[in-house]
Amino acid sequence: MAKTLITGATGGLGRAVATFLKNKTAAKDIAVLVRDTEGEKAQQFRAQGFDVRRGDYNDPSSLTVAFQGIEVLYFVSGSDIHARLPQHENVVNAAKASGVKHILYTSTVRKDESSSAPLHLVVNAHAQTEQWIQESGLPYTLLRHNLYAEVIPMFVGAKEQLLQSKTVYLPAGNGKTAFVSREDFAEAEANILANPQPHVNKTYEFNGSETLTFAQVAEILSGITGEKIAYTSPDVKEFEQALAGHGVPALIVGVVSSFAQGMANGEFDHKTNDLEKILGRKTTPAAEVIKQAYK
Ligand code: NAP
């Protein structure tokens, strides 16, 4: 069995991929990259027989050492959207220098790649990383993700707050998003890692089987809470000022607002069955993830 390394393994996606893959592959053939090798999550991996390796996207030499003997690299994009470019360049360079034979990268679906797009920062880092990977000459698989269904609460707010306002307040217009649960991404990508060869030099668009607008999210929330939840899509400036007025840090306001505008512009309104084919079923309805968060 080819030795696989999963980065971002202490995060929600990487950990779920490692767990799914362990059902198909011996844990000793799965390496996990962590920043803190003595932390609780690293210890749990070790106890299950995973090969725990230390590495930081900011530290190129740590990556070159961690990738020794690795054939298949599952590269989870960095979580600091302002630091991704140098970090991702480090990962791709280290993969090449260490003799990795196949790199799989968690990218994003997109439409507008122009510099004036609300999501330019995010899209540009993913597009640039895809380009570095392709230019490296390494066999690759690009896994373009739609939005996690788990991010919906970030846009809607906590249950208590929602029950008070009875409103989903977000400048996402009537934009449709093909949300995917993080578990579905993880299950599909573990399927690919268990038999990566047929996926070499493929680019997949992983979208949910159905799309939702935030008006529909409000209807789902009405059903869950038993209260009539309305949806208001305000002007962007008014929205940003309202969040800032509630003490939300500027960085968070910027992220939430730019994703909402992206959704309004239809950036995440995609229909492909790439994910269904790899899962062998329809994706989990986003309503189930919403239920878990607000029940
Ligand atoms: P997460 O739970 O925040 O996990 C991020 C992982 O990346 C953690 O394991 C973290 O390690 C690791 N990491 C961060 N900076 C690193 C660095 N400098 N060097 C090495 N590892 C580093 O995120 P997730 O939910 O698993 O999602 C995975 C990725 O998808 C995110 O990183 C982000 O790029 C992207 N994302 C996509 C969506 C979407 O809707 N499509 C939503 C959120 C995020 P530590 O435990 O050491 O911090």
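Checking the Cα-Cα distances for K202/K277; K41/K291; K24/K202; K176/K271; K159/K291; K228/K291 against a 18 Å cut-off, the pairs over it are K41/K291; K24/K202.
A simple spin-label model places the labels of S116 and S136 3.5 nm from each other, with each point 7 Å out along Cα-to-Cβ. Extending 7 Å from Cα along the Cβ direction at K159 and again at D36 yields two label points whose distance is 2.8 nm. Label point of N23 set 7 angstrom out along Cα-Cβ; within the range 273-295, amide nitrogens under 17 Å from it belong to 276-285.
Put simply, the amide H of G266, placed in the peptide plane, has neighbours under 5 Å in K176, leaving out anything fewer than 5 places away on its chain. Here the chain is treated with +1 on each Lys and Arg Cβ and -1 on each Asp and Glu Cβ, and its dipole about the Cα centre works out to around 660 debye. Over all projection directions, the Cα-based convex hull of the chain averages an area of 15.3 nm². Note on the chain: antiparallel DSSP beta bridges, both residues inside, total approximately 5 percent of the bridges counted.
Compared with the direct C-alpha span, the chain from E71 to K237 gains 54.9 nm at full extension, assuming 0.36 nm per residue. Highest mean first, the peptides 216-225, 194-203, 271-280 sorted by other C-beta atoms within 10 Å per residue fall in the order 216-225, 271-280, 194-203. Ignoring aspartates and glutamates fewer than eight residues from K3 along the same chain, the ones with Cα atoms less than 20 angstrom from its Cα are D29, D51, D56, E71, E187, E189.
Taking the Cα atoms only, what angle lies between the long axis of helix 12-22 and the longest principal axis of the chain, rounded to 10 degrees? So the helix axis and the longest Cα principal axis differ by about 50 degrees.
Computed from Cα positions, the angle between helix 250-264 and the longest principal axis of the chain comes to roughly 80 degrees.
Using a Förster distance of 30 Å, how high is the FRET efficiency between E288 and L251, based on the Cβ-Cβ distance and rounded to 0.05? The computed FRET efficiency comes out at 0.50.
Once the Cβ-Cβ distance of Q44 and A194 is raised to the sixth power relative to R0 = 22 Å, the FRET efficiency obtained is 0.55.
A short reminder: the numbers here are calculations on the coordinates, not readings from a lab. These numbers were taken from a predicted model, which means no experiment stands behind them. Because the Cβ atoms are built from the backbone with ideal geometry, glycine has one as well, and the counts that use them run over all protein chains shown.
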